[in-house]
Amino acid sequence: MSEVVAKIQRVSRASLAYAETLTREWLPQGSRQGSEWVARNVARGDRASGSFGVSLVTGKWNDFADRQAHGGDLVSLYSYLFGCRQVDAAMAIDRRLGLGVFRWGAAPITSPAANYPSGLSVSDATEAAHRQRLESIAADKALARQEAAARARTVWDAAKPASATHPYLMSRGVPAYGLRQCRRGWLLVPLYAQGELVNLQWILPNGKKRFLKGGQVQGAYSLVGEPVAGGRLFICEGWATGATLYRLTGDPVACAMNAGNLRAVAETMRAALNRSLDLVIAGDDDRQTEGNPGRQAANDAALAVGAMVLYPKWPDGCPDDLTDFNDLYRWHRARLDEASRNDQRQAGMTGGDHE
């Protein structure tokens, strides 16, 4: 087994010299942007361009909209895209590039790229296998979404209005704003698409979050408040951020739930109410994360739909680990509360001296 692993690693290292050629073949609907190949993720049927990035220097890759989809080299990328084992992926790349790392006997290669021609174009066999895989993925995803939407409706109908004293709401300093709560004490955040409830986000008392398995997230959103024709609408990532914006401004908010979904939600809202909404993307400022993905996603969404973009303004002395408007709101509130307590203590001491 160690010999096979060593060969896979050799192919991984050698393939970096051909990174752009390979990614261009595997992800033909993409383009080079700096040192990355950026495309849509064909393995999950994503129609949104730019959600998938591959480093042409290191081979590392990730799907910006799916935290589970990532890898460290071109071998794992091939394995992910074509649904095969890493050893099969390494053998396919080895044969494609003529590296000679593996010995070729009579046994056929099970990888879809086994029949690559010597030229640079993708073979007809690979294209057919790729299309068949995408169709299968799309069918499975559609069924999973239907099942999740049905479960979401059942769970939502059985839940009761969320308690104003729920630990998560108390910790975030915001009202429930229409959320519900199941018997376990988990908050339920409803996600809608095309006017239909399609998914739920569970928020546990300790703040951990999860969605219904297989449920739609991309393109879905949760509303805080109701949009009005000609009015302003904020679009943000998390629900707590949306609740904070609504509490402070009174303007409705569409919560996209993650940075990778901002653009899809913005495009939906741009088309709503005869395109009359004044859209403002309220982005997270991931200033401690390389590349600041929160700002990047917010900027991309704003440019795509012609919206304004807004970020938290960090005062002097504000902790560096704060990233969104709810963080800033809670920090300000804590300072005001502390100042109020100090004033009360000072008043008590003054009153005592007077007596």
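Here are a few things to note about the model shown:
- Hey, Ala347 part of a helix (DSSP H, G or I) and surrounded by 11 or more Cβ atoms within 10 Å (Cβ to Cβ) or not: no
- Given (1) within 19 Å of the chain's Cα centre (by Cα); (2) within 22 Å of Asp337 (Cβ to Cβ); (3) of a type in the set (Lys, Arg), index of the condition Arg210 fails: (2)
- One residue from Ala125, Ala139, Ala148, Ala162 being open to solvent by less than 70 Å² (accessible area, probe 1.4 Å), more than 24 Å from the chain's Cα centre (by Cα) and at pLDDT 65 or above: Ala162
- Flag for Glu20 being at pLDDT 85 or above, out of contact with any Asp or Glu (no Cβ under 6 Å at 6 or more places or on another chain), within 11 Å of Leu74 (Cα to Cα) and not hydrophobic (A, V, I, L, M, F, W, C): yes
- For the stretch 261-288, the set of residues classified as over 26 Å from Arg333 (Cα atoms), open to solvent by 20 Å² or more (accessible area, probe 1.4 Å) and of a type outside the set (Lys, Arg) consists of Ala264, Glu267, Thr268, Ala271, Ala272, Leu273, Asn274, Ser276, Asp278, listed by residue number.
- Hey, Gln68 modelled with pLDDT under 80, surrounded by fewer than 17 Cβ atoms within 10 Å (Cβ to Cβ) and part of a strand (DSSP E or B) or not: yes
- Count of the stretch 83-122 residues which are at pLDDT 80 or above and in contact with a Lys or Arg (Cβ under 7 Å, 6 or more places away or on another chain): 3
- Annotation note: Cβ proximity below 6 Å between a residue of the stretch 202-215 that is at positive phi and a residue that is surrounded by 11 or more Cβ atoms within 10 Å (Cβ to Cβ) and hydrophobic (A, V, I, L, M, F, W, C) (sequence gap 6+ or interchain) occurs for Gly214/Ala144; Gly214/Ala148.
- Residue match in the stretch 174-187 (condition: among the hydroxyl-bearing types (Ser, Thr, Tyr) and under 24 Å from Asp327 (Cα atoms)): yes
- Any hit, the stretch 173-185, residues being modelled with pLDDT of 95 or more, in contact with a Leu (Cβ under 9 Å, 6 or more places away or on another chain) and not in a loop (DSSP other than H, G, I, E, B): yes
- Complete set of residues in the stretch 29-50 that are crowded, with 16+ Cβ neighbours inside 10 Å and modelled with pLDDT of 70 or more: Gly30, Glu36, Trp37, Val38, Ala39, Arg40, Asn41
A quick yes/no check of all residues on (1) open to solvent by less than 20 Å² (accessible area, probe 1.4 Å); (2) assigned to a loop (DSSP other than H, G, I, E, B); (3) without any contact (Cβ under 8 Å) to a residue 40 or more places away in the chain; (4) under 26 Å from Arg210 (Cβ atoms):
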residue: Ala254; (1), (2), (3), (4): yes, no, yes, yes
residue: Met257; (1), (2), (3), (4): no, yes, no, yes
residue: Lys313; (1), (2), (3), (4): no, yes, yes, no
residue: Thr323; (1), (2), (3), (4): no, yes, yes, yes
residue: Asp327; (1), (2), (3), (4): no, no, yes, yes
residue: Ser340; (1), (2), (3), (4): no, no, yes, no
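The values are calculated or read from the model by the stated rules, or taken from the named source; none is laboratory data. Small disclaimer: the values here were computed from a predicted structure and weren't measured. Counting neighbours? That spans all protein chains shown, and the Cβs are built from the backbone with ideal geometry, glycine included. Please note that ligands, DNA and RNA were not included when accessible areas were found on the heavy atoms of the full protein model with its side chains. Shrake-Rupley method; radii C 1.70, N 1.55, O 1.52, S 1.80 Å.
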